[in-house]
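Only one structure is covered here, and it is reproduced in the block below.
The values are calculated or read from the model by the stated rules, or taken from the named source; none is laboratory data. In this text the structure is predicted, and so the values were computed from the model without any measurement. Ideal geometry is used to build each Cβ from the backbone, glycine not excepted, and the neighbour counts take in all protein chains shown. These area figures cover heavy atoms from the full protein model, side chains too; ligands, DNA and RNA do not enter into them. Shrake-Rupley method; radii C 1.70, N 1.55, O 1.52, S 1.80 Å.
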Amino acid sequence: MTTHARRSVKSTLTNVAALALATAFVATFALPGTSLQGPAYAESSASAEAMAELRASESQTVSISATAEVAQDLSRDEFDATSVAELRRAQLAAAAPKWSGPTVGDFLANPPYPNFSLDQVVQVGLQYQGVPYRWGGSTPAGFDCSGFVQYVYAQFGISLPHSVRGQAAMGTPISRADARAGDIVIFNDMSHNGIYMGGGQILDAPYAGKSVTVRPLWTDAYYIVRLGI
């Protein structure tokens, strides 16, 4: 073999070896990327799941906090029976001090005063003076305005909704001249109600920080309804 031929063969072998080395080099760097793709994806997936769980738990915490803020900030009834007021009342009732005595449902099932009497309504209502106001309350553990009226009237077998608007709708409007103690005072804007005591006075559960009491009516924007007739 001539010197020229030997150089040609050597050059060819060198090129083949270089090509093989380059291919192996590229493959070596490609493999770690492929092998890491699975774990990296798993870590990302796990992180996403953890974040989802965290968001879920934080959402529950916010919900509980919001309920607590409602209990602190709201000081009046909400009276639309189709509104979220009923849901809020249920939430607050679950967190309220437990009442072991009779409930509205107990009274309706077995009313202690089956014969309706406005005079007796007054006497029953006066028993709850000093009970603290609690939004959503309908037991002597705490009353809101419509819850107080509901609880008193339930003792006469009269079923009322826990709503000023609903109680107003169930009553028969009467003139102030015909009003008697024991009738129900309804404020024109449906913001409040209570038991009429005669002489321009009302027995009611006023607002947060106060308790059931007899006090003068402070506005002329009200009317009277009578139940049990």
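Observations
- The solvent-accessible area of Ile174, taken with every protein chain present and a 1.4 Å probe, is close to 40 Å².
- Sequence of Tyr133, Tyr153 from largest to smallest accessible area, 1.4 Å probe: Tyr133, Tyr153
- In range of the label at Ser100: residues from the stretch 137-172 whose backbone nitrogen is under 14 Å from the point 7 Å along Cα→Cβ: 141
- Taking every C-alpha pair closer than 8 Å and separated by at least 6 residues, the mean separation divided by the residue count of the stretch 144-203 gives a relative contact order of 30 percent.
- In percent, rounded to a whole number, the relative contact order of the stretch 113-229 is 29, using alpha-carbon pairs under 8 Å and six or more apart.
- Surface analysis of the stretch 90-229 yields an accessible area of 43 Å² per residue, using protein heavy atoms and a 1.4 Å probe.
- Of the solvent-accessible surface of the stretch 157-229, computed with a 1.4 Å probe and all protein chains present, 51% belongs to carbon and sulfur.
- Residue-wise HN-Hα coupling along the stretch 109-123, computed from phi with Karplus coefficients 6.51, -1.76, 1.60 (Hz; x: Gly, Pro): 6, 8, x, x, 10, x, 9, 5, 8, 4, 4, 6, 4, 4, 5
- Percent of alpha-carbon pairs separated by more than 26 Å within the stretch 101-229: 10 percent
- Shape parameters for the stretch 125-194, alpha-carbon atoms, Rg then Dmax in Å: 11.9, 35
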